[in-house]
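Below is one structure, written out as C-alpha cells; the observations come after it.
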Amino acid sequence: MGVELFPRTDRLDDASLVAGLALGDEQAALAFVRRFQDAVFGLALSVTRDRALAEDVSQEVFVRAWRAAGNYDPRRASALTWLLTITRNAAIDAVRARRPTPVLAETLERLLDVTLRSAADTDDTERLALLTLESERALARLQALPEEQARAVALAVLGGCTAAEVGRHENIPLGTAKTRIRTGLRRLRDTLKEESRDGTPPRRATPP
C-alpha cells in the first residue's frame, strides 16, 4: 500500500478550497494558504517594498480571505484574482497607515507654485483648495487651520485618501472625517479670498 504524499485537500481545485475555507475546514484552509502564499507575499512585497510589512500584510490577507470566503463567486473571478485583489487593498492600507501625515513643510514646498489670482477666479471649493495647497503660501494656509482639519485636508488632497480612509487613519467616524475635510476646504477657500482682497497673512483658526 503506497503512502499518500499530499493531503487530499491539496488536490482540490481553487474554488473548492475557497468553499472549504468558508466552511471552516482546517485542512482546506491550510491547503489554501500553501497554494497561494507565495503569490500573496510577492504582490504585498511589490506594493510595500518592505519584507517585514509584506509578511504582516500576507497574514492579514488570509484573515480577510477567510472572512470573505462565503461571498466568493467563482463566476466573477478566479480564486487567485479574488485573493490578489484582497492583497492589493491590504497592502495599500498598510502603506497608507505607515505614511507620515502629509501636513509637512517639505511635502507642501515641493508642489508647483500657482498664482493667487488664478485660484481666486474659481468658485469651486475643491478646485480652489487644491490650487491653494499648490501655491507657495500653501504651508501657511494649511497651518492656519485647526490641526485636525489640516491633517484631514492634507490626507484627502495630497494623499489622495477617500473620506473613509481619512476616518480610518485618524480613528474617527466617517461623518466626522467628511466634516473636517469639507470645513477645512471651505476655510482654505475663505482664507484665499481674504488674502486676495487685502493681502493679510492667515491666522490659525479655532475649532468650531
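Laboratory data are not the source of any read-out in this text; all were calculated from the coordinates shown. Keep in mind that what you see is a predicted model, and the values were worked out from it rather than measured. We place every Cβ from the backbone using ideal geometry, glycine too, and count neighbours over all the protein chains shown.
Per-residue packing, averaged as other Cβ atoms within 10 Å, sorts the ranges 17-30, 144-157 into the order 144-157, 17-30, beginning with the highest. Under a 5 Å amide H cut-off, with hydrogens placed 1.01 Å from N, C161 pairs with A156 among residues at least 5 apart or on other chains. When each of the peptides 183-189, 32-38, 70-76 is scored by the mean number of other C-beta atoms lying within 10 Å of its residues, the order from highest to lowest reads 183-189, 32-38, 70-76. Each residue of the stretch 85-90 is assigned a 3J(HN,Hα), and the resulting list reads 5, 4, 4, 4, 5, 5 Hz, derived from the Karplus form 6.51 cos²θ - 1.76 cosθ + 1.60 (θ = phi - 60°), x at Gly and Pro. Each other residue within a Cβ distance under 14 Å of A22 adds +1 if Lys or Arg and -1 if Asp or Glu, for a net charge of -2.
Fully extending the segment from A15 to D73, taken as 0.36 nm per residue of separation minus the present Cα-Cα distance, adds 20.0 nm.
Legend: calculated FRET efficiency, S46 to E148, from the Cβ-Cβ distance at R0 = 35 Å, rounded to 0.05, equals 0.55.
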